[in-house]
Amino acid sequence: MKKLFIKTDKKFISGLPRFKYEGRIVVIQSKAEAERAVAALEKSKILGIDTETRPSFRKGVFHQVALLQIANEDICFLFRLNSFGFIPSLRKLLANKEILKIGLSLKDDIHMLAQRHAFVPDHFLDLQDYVKEMGIQDMSLQKLFANVFHLRISKNAQLSNWEADVLSPAQKTYAATDAYSCIMLYNELKHLRETGFILLKPQPVSEKLQ
């Protein structure tokens with residue numbers, strides 16, 4: 001039976017081998033490309049969702065969400081919303097009741113997308129809520145992925161410029177990894193909920209000091 005931490009220690013993560021998405025990544029930079037990508041994604045039963053926003057290092061300066069990454073089991077599309085906007089076909093995809101959309105901290109992603117254009121999201125599952133029901137306290141993707149798979153997701157590209165003219169290979173890998181890992185986590189966690197798992201209690205502080 002698989003053992004999971006109630007709460008994953010950062011020190012545990014640092015020594016783990018790195019995981020990165022190695023499947024097909026397609027950068028979408030126009031409305032026409034987006035329409036074709038959405039048509040392909042509409043055939044999926046489950047999608048991994050995430051967004052990226054250009055960081056602001058000045059007080060009071062904010063940016064709109066620049067990238068929407070959506071993955072299925074075979075491919076990850078990176079929709080450059082800063083180039084063509086949050087178009088109707090994408091909004092329709094995220095409102096599709098027949099497709100399960102998996103993400104983490106989805107309230108933030110949905111809020112950022114809604115600032116570009118109002119929409120009604122449907123059939124979303126937030127992994128933070130999903131693991132809370134299992135007694136797991138990890139809320140970040142990096143900690144949760146390390147807990148379940150004993151692999152480390154790098155966050156080095158998180159604060160890069162997501163509005164750059166051309167996304168770097170590191171940015172593309174980072175964005176695709178975040179979206180696809182949500183599918184991996186959901187599938188494994190669903191399996192563990194059905195077959196059983198053991199939660200490891202954190203060591204008391206007094207024991208750690210001995």
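Values in this text are rule-based calculations from the coordinates and carry no lab data. Every value quoted in this text rests on a predicted model; they were computed, and no experiment measured them. Backbone-built Cβ (ideal geometry, glycine too); neighbour counts: all protein chains shown.
Whole-Hz Karplus values for segment 94-110 come out as 6, 9, 5, 6, 8, 10, 7, 10, 10, x, 9, 6, 5, 4, 5, 4, 5 Hz, taken residue by residue from phi with 6.51 cos²θ - 1.76 cosθ + 1.60 and θ = phi - 60°; glycine and proline positions read x. Enter the angle in degrees (range 0 to 90, nearest 10) between the Cα long axis of helix 31-41 and the first principal axis of the Cα atoms of the chain, meaning the one along which they spread out most. In the chain, helix 31-41 runs at an angle near 40 degrees to the longest axis. Using 0.36 nm per residue and subtracting the Cα-Cα separation, the extra length available between V61 and S89 on full extension is 7.1 nm. Mean sequence separation of contacting Cα pairs (under 8 Å, at least six apart), scaled by the length of the chain, corresponds to a relative contact order of 34 percent. For a quick check: sort D9, D74, D50 by the number of other beta carbons within 10 angstrom, fewest at the front. Fewest-to-most ranking of D9, D74, D50: D74, D9, D50. Per-residue ellipticity at 222 nm, computed for the chain from helices alone with -39500 (n - 2.57) per DSSP H run of at least four residues, works out to -11500 deg cm²/dmol. Does segment 1-78 come out rounded, prolate or oblate, given a ≥ b ≥ c as the square roots of the eigenvalues of its C-alpha gyration tensor, rounded meaning a/c under 1.5 and, failing that, prolate meaning a/b above b/c? Because a/c hits 1.5 or more and a/b fails to exceed b/c, segment 1-78 counts as oblate.
Of the GluC sites (Glu not before Pro) found in segment 1-94, those in coil by DSSP whose Cβ has at most 16 other Cβ atoms within 10 Å are E22, E42, E73. In order along segment 123-136, the phi-based Karplus estimate (6.51 cos²θ - 1.76 cosθ + 1.60, θ = phi - 60°) of 3J(HN,Hα) comes to 6, 9, 10, 8, 4, 4, 5, 4, 7, 4, 5, 8, x, 9 Hz; Gly and Pro are listed as x. Close amide H partners of T53, meaning residues 5 or more places away or on another chain with modelled amide H under 5 Å apart, are A66. Residues whose amide H comes within less than 5 Å of that of H150, counting only those at least five positions distant or on another chain, are absent (H built at 1.01 Å from N in the peptide plane). When the alpha carbon gyration tensor of the chain is reduced to an equivalent ellipsoid, the three semi-axes, largest first, read 31, 20, 16 Å.
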